[in-house]
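Student: One structure follows; several queries about it will come next.
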Amino acid sequence: MISDNLKQVKSRIGSVQSSHQVELIAVSKTRSTAEIQEAVDAGQIHFGENYLQESIEKINFFKGRGLVWHFIGPIQSNKTSPIANNFDWVHSVDRVKIAKRLSEQRNPSLGVLKILIQVNVDREESKSGVDIVNVEEIVSEIESLPNLSLKGFMTIPSPENSAKSFSQMKHLISKYPNLDTLSMGMSSDLEIAIENGANLVRVGTDIFGQRSYN
Ligand SMILES: *Cc1c(COP(=O)(O)O)cnc(C)c1O
């Protein structure tokens with residue numbers, strides 16, 4: 001079931017005309033280790049998690065299996081250390097203060113932590129992320145931090161006009177020749193995101209089914 005879903009999502013990704021590589025992140029928030037195991041058995045390597053506590057348990061469970069873990073949820077400043085030392089990527093950095101803490105707390109023996117700045121492209125009050133006009137000043141500050149490597153941007157656009165928002169992100173990253181990663185596109189809109197340059201897509205529901213929060 002999960003393996004069939006993965007196949008389908010990959011074929012959707014493959015059907016988009018694009019000249020760049022796209023990596024699929026399976027968003028495994030609220031999912032059990034048994035469900036993640038099914039995806040791993042089907043060849044899935046990249047996983048995305050939003051909630052720190054449940055994610056650490058899963059990361060420990062799969063230690064040594066070569067999986068790549070992406071933190072994609074809101075970050076509380078007193079919870080940065082376990083994020084810095086258990087994840088390979090953090091997509092949801094929206095303050096220099098958080099980036100500084102991640103850099104200070106990352107164990108250098110783990111190598112650099114890959115960072116994306118979350119951009120609130122549609123200026124929605126309900127969403128975290130940096131306003132697009134404030135991106136420039138935080139890029140240079142984050143780039144100067146040791147133990148981090150700034151790769152690009154992540155966004156969660158409002159569903160009504162995601163095509164326009166994705167294209168704004170494409171324009172934004174084109175101004176930064178050092179940055180090459182756009183994390184955007186979920187179950188419902190991954191095709192339009194890839195057309196606009198997304199190279200990390202984050203898919204939960206279409207791989208694992210509807211989430212039940214209980
Ligand atoms: C939950 C979540 C996803 C996955 O969303 P689906 O609609 O289940 O594919 C992607 N990105 C973020 C930041 C999420 O929180």
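The values are calculated or read from the model by the stated rules, or taken from the named source; none is laboratory data. Owing to the predicted nature of the structure, the values given are computational and were not obtained by experimental measurement. For neighbour counting, all protein chains shown are included, and Cβ atoms are generated from backbone atoms with ideal geometry for every residue, glycine included. Surface accessibility is based on the protein's heavy atoms, side chains included, excluding ligands, DNA and RNA. Shrake-Rupley method; radii C 1.70, N 1.55, O 1.52, S 1.80 Å.
Student: Rolling a 1.4 angstrom probe over the protein heavy atoms, how many square angstrom per residue are accessible across the chain?
Tutor: Solvent-accessible surface per residue comes out at 48 Å².
Student: Still on this structure: Positive end of the charge dipole of the stretch 1-103 (Lys, Arg +1 and Asp, Glu -1 on Cβ, about the Cα centre): tell me which of Ser28, Thr80, Met1 has its Cα farthest that way.
Tutor: Result: Thr80.
Student: Tell me the mean residue ellipticity at 222 nm calculated for the chain from its helices only (DSSP H runs of n ≥ 4, each -39500 (n - 2.57), averaged over every residue, nearest 500).
Tutor: It comes out at -11000 deg cm²/dmol, rounded to the nearest 500.
Student: Continuing with this model, one more query. Below 13 angstrom from the Cβ of Asn85, what's the summed charge of the other residues (Lys, Arg +1; Asp, Glu -1)?
Tutor: Overall, the nearby charge balance is +2.
Student: For a quick check of your reading of the filter: which trypsin sites (Lys or Arg not before Pro) in the stretch 127-175 sit in a DSSP loop and have no more than 10 other Cβ atoms within 10 Å?
Tutor: Here the trypsin sites (Lys or Arg not before Pro) that fit, given the DSSP loop and packing criteria, are Lys175.
Student: Express the C-alpha Rg of the chain as a ratio against the empirical globular expectation 2.2 N^0.38 Å, rounded to two decimals. List each step's numbers first, then the result.
Tutor: Values: Rg = 16.4 Å, N = 214, 2.2 N^0.38 = 16.9 Å.
Rg over 2.2 N^0.38 Å, computed on Cα atoms: 0.97.
Student: Percent of accessible area on the chain owned by carbon and sulfur, 1.4 Å probe?
Tutor: 47 percent
Student: Measure out, as a whole number of angstrom, how far apart the alpha-carbon centroids of the stretch 102-157 and the stretch 188-214 sit.
Tutor: Distance between centres, Cα-based: 21 Å.
Student: A further question on this structure: With contacts defined as alpha carbon pairs under 8 Å and 6 or more residues apart, what's the relative contact order of the stretch 2-208 in percent?
Tutor: Over the stretch 2-208, the number comes to 22 percent.
Student: With +1 assigned to the C-beta of every Lys and Arg and -1 to the C-beta of every Asp and Glu, and no other charges, what is the dipole magnitude of the chain about the Cα centre in debye, to the nearest 20?
Tutor: On the way: 23 positive and 25 negative charges, 82 e Å.
The calculation lands at about 400 debye.
Student: Hey, another quick one. Mind checking the stretch 56-138 for GluC sites (Glu not before Pro) that DSSP puts in a loop (not H, G, I, E or B) and that have at most 10 other Cβ atoms within 10 Å?
Tutor: The qualifying sites are Glu125.
Student: Loop-only chymotrypsin sites (Phe, Trp or Tyr not before Pro) in the stretch 119-214, please: DSSP not H, G, I, E or B, and at most 13 other Cβ atoms within 10 Å.
Tutor: Tyr213
Student: Is there a pair in Lys127/Lys151; Lys29/Lys175; Lys7/Lys97; Lys63/Lys164; Lys29/Lys97; Lys10/Lys164 whose C-alpha atoms are over 31 Å apart, and which pairs would that be?
Tutor: Distance filter (> 31 Å) returns Lys29/Lys175; Lys7/Lys97; Lys63/Lys164.
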